[in-house]
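Below: the structure, in structure tokens.
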Amino acid sequence: MLKINSPVIVLILCLSICIFSRAQQVPKPAVKVLFSKIESIPQNGHYSFISKNSKKKLQGKYQIYLEKLSPSDIPILMDSNYIVEEGTFEKGLKDGFWKTSYKNKIVKKEHWNNGLISNEYNVYNTGGKLLYQIDFGAKGNGKYKDFYYNTGILKQEGSYENGKKEGEWCTYDEKGTLLKTIIYHKGILQTP
């Protein structure tokens, strides 16, 4: 008769569980990190994003560290050295859930469908207080607003129709003074 040593059985059982659990883990897709090395190209009323170096359309999940731009630059104005956008590109177009962080706090959550804004859009200040919320719906219709995350002062506002910028879009400085007004029609810039 074969004698079984119970500590050996426990050890074999633990090793089997460890090996099995590691084999079942699915690796997360790699997140590519970019430091403002992207370019946006107008395409049929929305924007396609490419790498400045390779000129290829972005594909996959990215964390994008955006450097501070001057107050006249559009579309992104920032309060500090870096702001981080994280989301997925499909053939150069924003797709799915995107989040924006500033000072390690989530300040914006938005949804994109093949390069067109859609569904829920939320903006928060750095303290986590909700500043603005809208549901653009599946068709991407509604009033867009973005804010300076530290102060809650309006930074940019405009409207989306069918997921594309439409009509008058206004950009404001950190004191709320109007800097620039531009006009879009079906996502295409009409005035410089």
If we ask which residues in the range 136-164 are in contact (Cβ under 8 Å) with a residue 60 or more places away in the chain and under 16 Å from residue 183 (Cα atoms), their number turns out to be 3
*asked:* Quick check on residue 137: is it surrounded by fewer than 18 Cβ atoms within 10 Å (Cβ to Cβ), assigned to a loop (DSSP other than H, G, I, E, B) and modelled with pLDDT of 95 or more?
replied: yes
* To do: Would you check if there is a residue in the range 181-191 being closer than 29 Å to residue 126 by Cβ and in a loop (DSSP other than H, G, I, E, B)?
  => no
**Prompt:** Hey, does the range 111-129 have a residue that's outside any loop (DSSP other than H, G, I, E, B), more than 21 Å from the chain's Cα centre (by Cα) and on the phi > 0 side of the Ramachandran plot?
**Reply:** no
Residue set 157, 120, 161; condition farther than 20 Å from residue 85 by Cβ and either modelled with pLDDT of 95 or more or surrounded by 13 or more Cβ atoms within 10 Å (Cβ to Cβ) (or both); output residue 161
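The values are calculated or read from the model by the stated rules, or taken from the named source; none is laboratory data. Note that the coordinates shown come from a computational prediction; the quantities given were computed from them, not determined experimentally. Here Cβ is always computed from backbone atoms with ideal geometry, including for glycine, and neighbour counts include all displayed protein chains.
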